[in-house]
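To start, the structure itself, in structure tokens.
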Amino acid sequence: MIPAMEPFDPVHESRPLFPALNTHPNFIFGDSAGGSAILTPCIEKIQAFYTDSNVQVGGSYRASALCAQRIQEAKQTTASFINATHPEEICFVSSTTQGLENLARALEPTLRQDDEIIVTDTDHEGIFNLLQITYIQLILGRGTKWRKELTLN
């Protein structure tokens, strides 16, 4: 028989790990990945990266090798976290908007005239960049149709 776990108390067990929540105890940071409170260990990793390895990847000097090593470690950790088969499946981008732009450009050659892209009002605003590209392709005569689905309340 598996022993019962003790109840988890997020106020006392989680909040202390987020410095912003200590600074603003009555505030909830639930905006987005770009505006959420960050765990102390993440802040420490980011600070270490910016302190001694925020350089171009692929250089022949020590800081560049350390940068590449840290990126690879982050890919391995992320792959494990999301159950990806290989770290090479992980791609970091500077923003969701940029990632969607990259995706749209990669899909561009595969679009067919009868394709349809469905977007909801809960999608990231960067998805509209994808729609702009799609619209341009419609003008060029080889794009897709698109429609916006509404979220039911």
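The values are calculated or read from the model by the stated rules, or taken from the named source; none is laboratory data. On a predicted model such as this, the values are computed, not experimentally measured, just so you know. Every residue, glycine as well, gets a Cβ built from its backbone with ideal geometry; the counts of neighbours run over all protein chains shown.
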Legend entry - T122 vs. criteria exposed (fewer than 12 other Cβ atoms within 10 Å of the Cβ), at pLDDT below 65, over 30 Å from E73 (Cα atoms) and more than 15 Å from the chain's Cα centre (by Cα): yes
Legend entry - Whichever residue in segment 77-109 is surrounded by 14 or more Cβ atoms within 10 Å (Cβ to Cβ) and at pLDDT 90 or above and, among such residues, is farthest from I46 (Cα to Cα): A84
Inset, instruction - Kindly indicate the residue of segment 55-76 that is of a type in the set (A, V, I, L, M, F, W, C) and in contact with a Cys (Cβ under 9 Å, 6 or more places away or on another chain) and also modelled with the highest pLDDT among those meeting that condition. - result: V55
Legend entry - Single residue of segment 1-51 satisfying the filter (assigned to a helix (DSSP H, G or I) and among the small types (G, A, S)) that is modelled with the highest pLDDT: A48
Inset, instruction - Please specify each residue of segment 52-75 satisfying the condition of being part of a loop (DSSP other than H, G, I, E, B) and over 20 Å from the mean Cα position of the chain (by Cα). - result: S53, V55, Q56, V57, G58, G59, S60, Y61
